[in-house]
1. Which of Tyr199, Gln150, Leu72 sits closest to the plus end of the dipole of the chain, meaning its Cα is farthest towards the positive end, when Lys and Arg get +1 and Asp and Glu get -1 on the C-beta?
2. With a Cα-only, solvent-free Debye model of segment 43-153, what are the log10 I(q)/I(0) values at q = 0.15, 0.19, 0.23 Å⁻¹?
3. Taking the mean number of other Cβ atoms within 10 Å as a proxy for protection, how do you rank 57-70, 103-116, 146-159 from highest to lowest?
4. Normalise the Debye intensity by I(0) for segment 156-213, one equal point scatterer per Cα, no solvent, then take log10 at q = 0.14 Å⁻¹ and round to two decimals.
5. Give me the compactness ratio for segment 46-90, meaning the Cα radius of gyration over 2.2 N^0.38 Å.
6. Place a +1 charge on the Cβ of each Lys and Arg in segment 156-213 and a -1 charge on the Cβ of each Asp and Glu, then give the dipole magnitude about the Cα centre in debye, rounded to the nearest 20.
7. May I ask for the Rg/Rh ratio of the chain, computed from Cα atoms with Rh as the Kirkwood radius, given to two decimals?
8. On a 30 Å Cα-Cα criterion, which of the cross-link pairs Lys82/Lys174; Lys174/Lys203; Lys68/Lys181 come out too long?
Amino acid sequence: MKQTRSLMIATMASTILMLGLWGATQAQVGRSEGLVNPDLASEKELLAMPHMTATIVKSIMERRPFLKMTDLNALLVQYLKKEQLADLYGKMFVQINLNTATEEEILMIPGTGKRMLREFLEYRPYKTLAQFHKEIGKYVNDKELARLEQYVFVPIHLNTGSDEDILSIPGTGKRMLREFKEYRPYTNLEQFRKEIGKYVDKKEVARLERYVTLN
C-alpha cells in the first residue's frame with residue numbers, strides 16, 4: 001500500500017514537472033503533424049494534395065512565398081470550390097500569426113467556427129505558443145490542440161529568441177540559425193533584411209521575416 005502510494009505521488013510529480021516544462025521548451029511556431037507548407041513544398045508534394053492539378057501547382061510555385069493565408073486563398077478560389085478548399089486546407093496551409101491574423105484567416109482553419117474564433121481572439125496578444133496551448137486547451141482535447149497548433153505561430157523576438165524558437169521557423173536549419181544570431185542585437189527589421197539578404201533572395205527574406213519581430 002505504501003509503495004503504491006509512493007508510486008502515485010512520483011507519477012503525479014513527474015506529470016506536473018512535464019506540464020511545467022512544456023511552456024519553457026515549446027517553440028513559438030506550431031509543429032507540423034503532417035500539414036504541408038505551400039511555400040516550401042516540392043512540386044511532387046503539392047501535386048499529392050487534394051484537388052491539385054498541374055496548373056494550380058504551377059501557379060503556386062510561381063507566386064510563392066505567400067505572406068498571408070488570404071493571399072494563397074485568393075489564388076486558389078479561382079480554381080476550387082468552397083468544399084474543395086476546406087478539404088485542401090486540412091492538408092496544406094500558410095501558418096497564421098496568432099496576434100495579427102484576420103477573422104477570415106482563422107476561420108479558414110478546418111474545424112473552426114464562430115465559437116473557436118472567439119476563443120482565438122479573446123487571449124490576444126499571445127506572448128508565447130505555450131499561452132495558446134494553455135488557453136485553447138481549456139476547450140479541446142490534446143489531439144485537437146496539436147492539430148490546431150500546426151496552423152499558427154507567435155512571432156519570435158530576433159534578439160532574445162532561443163535556438164529552438166529560431167529552428168522552429170519552417171525552412172531554417174543550423175546554418176540559418178547561425179546567421180540569425182550573428183547580427184544580434186538587431187535595431188530594426190531593415191537591418192535583418194540587409195544581413196539575411198546576404199544569404200538568401202528577397203522572397204526568402206520576406207518569408208522568414210513574417211515569423212520574427214522586434215516588438
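Any read-out appearing in this document is the output of simple, stated calculations on the displayed coordinates, not a laboratory observation. What you see is a predicted model; the values in this text were computed from it and never measured. Counting neighbours? That spans all protein chains shown, and the Cβs are built from the backbone with ideal geometry, glycine included.
1. Gln150
2. Evaluating at q = 0.15, 0.19, 0.23 Å⁻¹ gives log10 I(q)/I(0) of -0.67, -0.99, -1.30.
3. Working: 57-70: 16.5, 103-116: 15.0, 146-159: 20.8.
Sorting 57-70, 103-116, 146-159 by mean packing, highest first, produces 146-159, 57-70, 103-116.
4. One equal scatterer on each Cα of segment 156-213 leads to -0.30.
5. Cα-based Rg divided by the globular estimate yields 1.04.
6. Values: 12 positive and 10 negative charges, 40 e Å.
So the magnitude is around 200 debye.
7. Working: Rg = 19.4 Å, Rh = 18.9 Å.
Result: Rg/Rh = 1.03.
8. Numbers: Lys82/Lys174 39 Å; Lys174/Lys203 20 Å; Lys68/Lys181 26 Å.
Check vs 30 Å cut-off fails for Lys82/Lys174.
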